[in-house]
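What follows draws every value from the coordinates through simple rules; no lab data is involved. What you see is a predicted model; the values in this text were computed from it and never measured. Glycine also receives a Cβ, built like all others from the backbone with ideal geometry; neighbour counts cover every protein chain displayed.
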């Protein structure tokens, strides 16, 4: 059956595919590599310009970059900038959520992995900043991640398929900032949150996500605000 497009979503029968907005995708796919290319081209002249500063950290390295002005050297800079731009694009796309909605289930893909949840198992859907969040029947987080779709497109798609879209987290008032050693949490949860903080500091989001799942198994939800972790008990816990 032919599909119809609405903004950045595509409806095929009773299935809605939410995807990256076309204009943003073109900008990302073309603009980022071109920007990397231009930065690579501009790096040696910029290094020569700043090397005249009397106060300059890493002077030897910057002056070395400024001397790399042979055509083949500039070509290497340009190629490296372009490659870095392409890698940034693919990294950004891999980390974003892809969504396929029906009246019965939602399929969520990210970083090559896919998970499916029945509509009856989803108690709330909302945006927390730029992150899409799906809560389960126990109020625990089923999914949390960035999605490129506009907020209105997400809300319309989930509501059209009967999912409980909310304008904000219905349990937001229950969160507490994590303070190591507070008596409100068991020692095991404190240990997991400490390990999760370390994972976030070393930029290991998959490890942090796995630790968050373990925290949930113990009856708690954790989310981040800046560099702080916030926790709340599961509903009925």
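Were the residues from residue 46 through residue 146 laid out at 0.36 nm apart, the gain over their Cα-Cα distance would be 32.5 nm.
Computed extension length for residue 160-residue 119: 13.5 nm, one decimal, from 0.36 nm per residue of separation with the Cα-Cα distance subtracted.
Neighbour counts of C-beta atoms inside 10 Å place 223, 14 in the sequence 14, 223, starting with the fewest. Give me the distance between the Cα centres of the stretch 175-208 and the stretch 137-170, rounded to whole Å. Taking the Cα centre of the stretch 137-170 as reference, the centre of the stretch 175-208 is 26 Å away. Its convex hull of Cα atoms gives the stretch 100-152 a direction-averaged projected area, equal to a quarter of the hull surface, of 3.8 nm².
Here, the stretch 172-233 yields an orientationally averaged convex hull projection of 3.8 nm² when only Cα atoms define the hull. Full extension of the chain between residue 210 and residue 173 gives 10.9 nm of extra length, using 0.36 nm per residue less the Cα-Cα distance. Projecting label points 7 angstrom from Cα along Cα→Cβ for residue 87 and residue 103 puts them 4.8 nm apart.
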